[in-house]
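Worksheet: one structure, shown below.
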Amino acid sequence: MKKLAILVSGRGSNFEAIARQIRAGKLQAEIAAVVANVPSAKALETAETLGLPAISLPSKGIDTDTYAAMVVEQLAPLGIDLIILAGFMRRVGTPLLEAYRDRILNIHPSLLPSFPGLHVQQQALDYGVKFSGCTVHFVDAGLDTGPIVAQAVVPVLDGDTADTLAARILVEEHKIFSEAIALILSGAYRVEGRRVIRKD
């Protein structure tokens, strides 16, 4: 069984969705560790409730690469196949990128390359776009710049606020993240430049 490590900073709703897919037999994987960089993250409590290994590894006051090395040290004995960033609100440092090259996935609540970074739904509303959505992508050294694995489109309604748009996008995040994880774990893809292409 392929092993996942899930990195979180907050409530971990995408982590919960992935765990549900695994329990339902729809995603063939095992969550070997849930690592939170914020000790108060609700996802830690959820992991413990689900009987999953929960690791609190605070990052406050620690530089990016030093923290990344700490994460690598925690994960090294576990035989992790794929790292999942599920609301992990830190840049991924070089030691982690090197140790798990092309084996880290993130989900971002916009149709990349539009609106990287933070406050994404407000960016979309301010810009006046008619469609937004979410993107699963490989993590590289840039900010939300890695090759795109999957996307889902969500219409922007005239009465939307940042919160209502975020809530509708989150529904799609919960769907496509597990699908993207399954594809990458299957190995039935290739990367050509920035394109992730399914193999027949």
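The values are calculated or read from the model by the stated rules, or taken from the named source; none is laboratory data. Just so it is clear, the structure is predicted and the values come from calculations on it, not from any experiment. Because the Cβ atoms are built from the backbone with ideal geometry, glycine has one as well, and the counts that use them run over all protein chains shown.
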(message) Can you say whether S110 is closer than 20 Å to I148 by Cα, part of a loop (DSSP other than H, G, I, E, B) and at pLDDT 95 or above, as far as the supplied structure shows?
(response) yes
(message) Just to verify a result, which residue in the range 76-90, among those that are in contact (Cβ under 8 Å) with a residue 12 or more places away in the chain and not aliphatic (A, V, I, L, M), is farthest from I184 (Cα to Cα)?
(response) R90
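Pick from the range 6-18 the residues that are small (G, A, S) and surrounded by fewer than 24 Cβ atoms within 10 Å (Cβ to Cβ): which of them is nearest to A36 (Cα to Cα)? Full working, then the answer.
Let us first name the residues in the range 6-18 that are small (G, A, S), namely 9-10, 12-13, 17.
Still in the running and surrounded by fewer than 24 Cβ atoms within 10 Å (Cβ to Cβ): 9-10, 13, 17.
Values: S9: 5, G10: 8, S13: 13, A17: 17 Å.
Among those that are small (G, A, S) and surrounded by fewer than 24 Cβ atoms within 10 Å (Cβ to Cβ), it is S9.
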(message) Testing F131 on (1) closer than 23 Å to E172 by Cα; (2) surrounded by 15 or more Cβ atoms within 10 Å (Cβ to Cβ); (3) touching a strand residue (DSSP E or B) at 6+ places or on another chain (Cβ under 8 Å), one condition comes back false. Which one is that?
(response) (2)
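Given the criterion farther than 25 Å from L170 by Cβ and not hydrophobic (A, V, I, L, M, F, W, C), identify the matching residue among P39, P58. So that I can check it myself, show each step before the final result.
Values: P39 fails: farther than 25 Å from L170 by Cβ.
Only one candidate passes the filter, namely P58.
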(request) Please state which of the following conditions L143 fails to meet, knowing it meets all the rest: (1) assigned to a strand (DSSP E or B); (2) at pLDDT below 95; (3) among the aliphatic types (A, V, I, L, M). (result) (1)
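Considering only residues of the range 113-128 that are of a type in the set (A, V, I, L, M, F, W, C) and either surrounded by fewer than 19 Cβ atoms within 10 Å (Cβ to Cβ) or assigned to a strand (DSSP E or B) (or both), which is farthest from the chain's Cα centre (by Cα)? Steps first, answer last, please.
Pass one, the range 113-128, residues of a type in the set (A, V, I, L, M, F, W, C): 115, 118, 120, 124-125.
Next cut, either surrounded by fewer than 19 Cβ atoms within 10 Å (Cβ to Cβ) or assigned to a strand (DSSP E or B) (or both) only: 118, 125.
Details: L118: 14, L125: 23 Å.
Here the answer is L125.
Evaluate the range 187-195: report whether one residue or more is assigned to a strand (DSSP E or B), among the hydroxyl-bearing types (S, T, Y) and over 16 Å from F15 (Cα atoms). If you could, list the steps in order and put the result at the bottom.
Filtering the range 187-195 down to residues assigned to a strand (DSSP E or B) leaves 189-192, 195.
From what is left, the residues that are among the hydroxyl-bearing types (S, T, Y) are 189.
Checking the rest, the ones that are also over 16 Å from F15 (Cα atoms) come to 189.
Within the range 187-195, one or more residues are assigned to a strand (DSSP E or B), among the hydroxyl-bearing types (S, T, Y) and over 16 Å from F15 (Cα atoms).
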(message) Being hydrophobic (A, V, I, L, M, F, W, C), surrounded by 12 or more Cβ atoms within 10 Å (Cβ to Cβ) and in contact with a Gly (Cβ under 9 Å, 6 or more places away or on another chain) is the filter here; which residues of the range 144-175 pass it?
(response) A152, V154, V156, I169
